[in-house]
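Q: Below you will find the structure I want to go over with you.
The values are calculated or read from the model by the stated rules, or taken from the named source; none is laboratory data. Given the structure is predicted, the values throughout are model-derived calculations rather than measurements. For neighbour counting, all protein chains shown are included, and Cβ atoms are generated from backbone atoms with ideal geometry for every residue, glycine included.
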Amino acid sequence: MSKATHIKTNQSASEKLEWRRADLHIHTPGSRDYQETGTGYLDILRKAAEEKLSIIAFTDHNTVAGYAAMMQEVADLERWVALGRAQPQELERLQEYHRLREQILVLPGFEFTATLGFHVLAIFDPGTSTRTIELVLLKLNVPPALLDVGDTEVGATTDVSTAYRIMAESGALVIAAHANSSHGVAMLGFDFGGQTKIAYTQDPNLHALEVTDLESKKRRTTASFFNGSKPEYPRRMHCIQGSDAHRLHSMPGGHQNLGVGERPTEFMLSAVSFQELKALLLSHDFSRTRPASATAEASFDYVIEARKQGASIVQSFHEQSSRQGGRLHAVLRDVVAFANTNGGTVWIGVSPNARTPISGIEKPQPVIDELRAEMTGMISPPLDVTINVMMSGGKHVIQLQVPKGKEQPYVLEGSKIFLRQEAETSLALREEIIALVKRSAPATAEMPIPLNEAKTAIPAPVEQPEQILSAPFEAATESPRTGVEIVDSQERKGQIFHSMRDLRDGNVVHNVTRASARRLWRYAIALQEKHTFNEANVIWYDNLGLWHKYLRNGKAQYDLVQRSSDGAVHIYYGVTEDGVFGPWKQLVDKEAIPSAVPSEE
């Protein structure tokens, strides 16, 4: 069994974190499309108890009527008992209600239908009155006459972003329902998206995405897509799953029409409460959420899952953090780099190579104490890093969860600024430091918008469904979103100086030489200075081409080519799968394209 013991400086020793099973998307007879007649609210609680759930949420369509009906039934039973007029079966029913509600936290909420039919869950503290929740529904433009109907269609309501804000301001936990499925904000199957999809899945008032493929063994899942490594989706999202139950028990023959608790999520909490649950989903701690299935406890190991993804722009691995050999300094460099880039996770006690046995940390507490002291003394401004200890294969592994810093740039030893570029941590160069400072400075009318921020205002290309490779590619296509391009080269006094464009953020760094270049830059410069490019070696499809396909750290990377309308050829080096989209994705996904491994410095 994989266990995780979390050690945090802000947590008292008496608090005990335990895995709690939850289903946060359950419909009741309060929804018009409920699929079973004769089902009562007590039946739903009984089924939740059978599934060993600790937390459930009643989320009927555009109404809180189901939760209100259950609470009214309990109040009526309590009144009859108090008056001495309750029948034996009514007393028994009330006792069962009390027993189950002590065992299971029942949260009120609703599933809102926003403009264009997108579904959003709003879940509230059980102390919130149903009248207060109805007021939120009215603010969302649900017609008063339909507040008790529980219908999926309630006319023109409110757009998704405004709905997120209204729900969050009311204190709700805001979750995009079945985001990767029908009526989901990830917009699968839509012939539009771009900036709208980014806004709907990255909004700061959105707390989690409910997905249907959390337990999928496929390489590309919704959770992996929203892990913070995608350039246009930099915010890592909590991904959970729920049953979306419209009945007690699932229908035979598959995962459609699930029953109560039949696709739950487990949350590691110190107490069963709405506050604990919400705090977790608002945090940067992604290791305290996991799919809860019959085999989850035996198979789900966050350390192993992290190793499968490998080192990236949001994840690094260190087998040790001792001072000897500069290992501690390497860990601190990664912490600063993540804080200056997009946040990330540093694993200590494990190699990035999934085939290498986990070494672990024999005595984690002294290591944690040293890390905490070094981060406090050597990194400025202060940075709130969460430190956890996790068990994997019987070994202790330390996890540092680094947020994206709010006071960039962060420096190590008073002057050293590091950035994360894909799987590499490097000292920031002049132009990059200037961009960091501009991002952190208050916006003014006189201050120009940094290039990497201005780029985000440009509408992203529509994500099209996969097409046949022989179909014509679009004549005008954006460059890939990861990798590097050499945009200029000049020889001065026998030395060649290059200008490198980072495809992830658009920043251009000038005066880079082969000797001063980072790993990927050095690779690109070496190929250019050796004049190795030959169009005859490129597999062309219209104006896009693949020059090389190769593996680096076990991950596929590509050197891609694009011919512009004026005939100029642009070469994009070291593009990762996170950076390909649309026509580029069609190009690199085809198994018919042969691989070539270029020489690499």
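Q: Restricting to the range 506-564, name every residue that is touching an Asp or Glu at 6+ places or on another chain (Cβ under 7 Å) and part of a loop (DSSP other than H, G, I, E, B).
A: Answer for the range 506-564, where residues must be touching an Asp or Glu at 6+ places or on another chain (Cβ under 7 Å) and part of a loop (DSSP other than H, G, I, E, B): ASN507, ARG514, ARG518.
Q: Assess whether ILE398 counts as being buried (at least 20 other Cβ atoms within 10 Å of the Cβ) and at pLDDT 95 or above.
A: yes
Q: Right, another one. Can you find a residue in the range 234-250 that is surrounded by 21 or more Cβ atoms within 10 Å (Cβ to Cβ), modelled with pLDDT of 95 or more, polar (S, T, N, Q) and not assigned by TED's automatic domain parsing to the domain that holds LEU503?
A: yes
Q: Scan the range 368-392 residue by residue and report those that are hydroxyl-bearing (Ser, Thr, Tyr) and free of Cβ contacts under 8 Å to residues at least 60 places away in the same chain.
A: THR376, SER380
Listed here are the residues, each with its yes/no results for (1) hydrophobic (A, V, I, L, M, F, W, C); (2) touching a strand residue (DSSP E or B) at 6+ places or on another chain (Cβ under 7 Å); (3) assigned to a loop (DSSP other than H, G, I, E, B).
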| residue | (1), (2), (3) |
| --- | --- |
| ASP369 | no, no, no |
| GLY377 | no, no, no |
| PRO382 | no, no, yes |
| ASN388 | no, yes, no |
| LEU400 | yes, yes, no |
| LYS404 | no, no, yes |
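Q: Given the criteria charged (D, E, K, R) and at pLDDT below 85, does GLU577 qualify?
A: No; evaluated as a whole, the condition is false for this residue.
Q: Quick one: which helices (runs of 4 or more DSSP H) lie wholly within the range 179-285 and hold at least 3 residues that are within 26 Å of SER316 (Cβ to Cβ) and without any contact (Cβ under 8 Å) to a residue 24 or more places away in the chain?
A: Once the helices (runs of 4 or more DSSP H) in the range 179-285 are filtered for at least 3 residues that are within 26 Å of SER316 (Cβ to Cβ) and without any contact (Cβ under 8 Å) to a residue 24 or more places away in the chain, nothing remains.
Q: Every residue in the range 332-372 that is farther than 25 Å from SER283 by Cβ and β-branched (Val, Ile, Thr), please.
A: THR356, ILE358
Q: Moving on to the next point. Does the range 155-162 include one or more residues that are of a type in the set (A, V, I, L, M), buried (at least 16 other Cβ atoms within 10 Å of the Cβ), within 22 Å of GLY66 (Cα to Cα) and at pLDDT 95 or above?
A: So far as the range 155-162 goes, no, none of its residues is of a type in the set (A, V, I, L, M), buried (at least 16 other Cβ atoms within 10 Å of the Cβ), within 22 Å of GLY66 (Cα to Cα) and at pLDDT 95 or above.
Q: Would you pick out the residues in the range 549-571 that are over 17 Å from GLY582 (Cα atoms) and in contact with a Ser or Thr (Cβ under 8 Å, 6 or more places away or on another chain)?
A: Passing the criteria: LYS549, TYR550, LYS555, ALA556, HIS570.
Q: Next question, about the same structure. Checking the conditions here, which among ALA86, ALA68 is crowded, with 16+ Cβ neighbours inside 10 Å and at pLDDT below 95?
A: Checking each option against the conditions leaves just ALA86.
Q: Could you tell me whether any residue of the range 337-360 is among the aliphatic types (A, V, I, L, M), at pLDDT below 95 and farther than 29 Å from PRO409 by Cβ?
A: yes
Q: Against the definition (under 22 Å from ALA435 (Cα atoms), of a type in the set (A, V, I, L, M) and part of a strand (DSSP E or B)), how does ILE486 come out, yes or no?
A: yes
Q: Could you tell me whether ASP578 is part of a loop (DSSP other than H, G, I, E, B) and acidic (Asp, Glu)?
A: Taking the combined requirement at face value, the residue does not satisfy it.
Q: A follow-up question, please. So ASN543 passes all but one of these: (1) crowded, with 16+ Cβ neighbours inside 10 Å; (2) within 20 Å of GLN421 (Cα to Cα). Which condition number does it fail?
A: ASN543 satisfies all of (1) crowded, with 16+ Cβ neighbours inside 10 Å; (2) within 20 Å of GLN421 (Cα to Cα) except (2).
Q: So, in the range 315-356, of the ones that are part of a loop (DSSP other than H, G, I, E, B) and at positive phi, which residue ends up surrounded by the fewest Cβ atoms within 10 Å (Cβ to Cβ)?
A: GLY343
Q: If only one of LEU135, LEU83, LEU77 is out of contact with any strand residue (DSSP E or B) (no Cβ under 9 Å at 6 or more places or on another chain) and under 28 Å from ARG165 (Cβ atoms), which one is it?
A: Result: LEU135 is the single residue among LEU135, LEU83, LEU77 that is out of contact with any strand residue (DSSP E or B) (no Cβ under 9 Å at 6 or more places or on another chain) and under 28 Å from ARG165 (Cβ atoms).
Q: Restricting to the range 99-137, give me the number of residues that are in a helix (DSSP H, G or I), in contact (Cβ under 8 Å) with a residue 24 or more places away in the chain and either outside the structural domain of THR196 (by TED's automatic domain parsing) or not aliphatic (A, V, I, L, M) (or both).
A: Of the residues in the range 99-137, 7 are in a helix (DSSP H, G or I), in contact (Cβ under 8 Å) with a residue 24 or more places away in the chain and either outside the structural domain of THR196 (by TED's automatic domain parsing) or not aliphatic (A, V, I, L, M) (or both).
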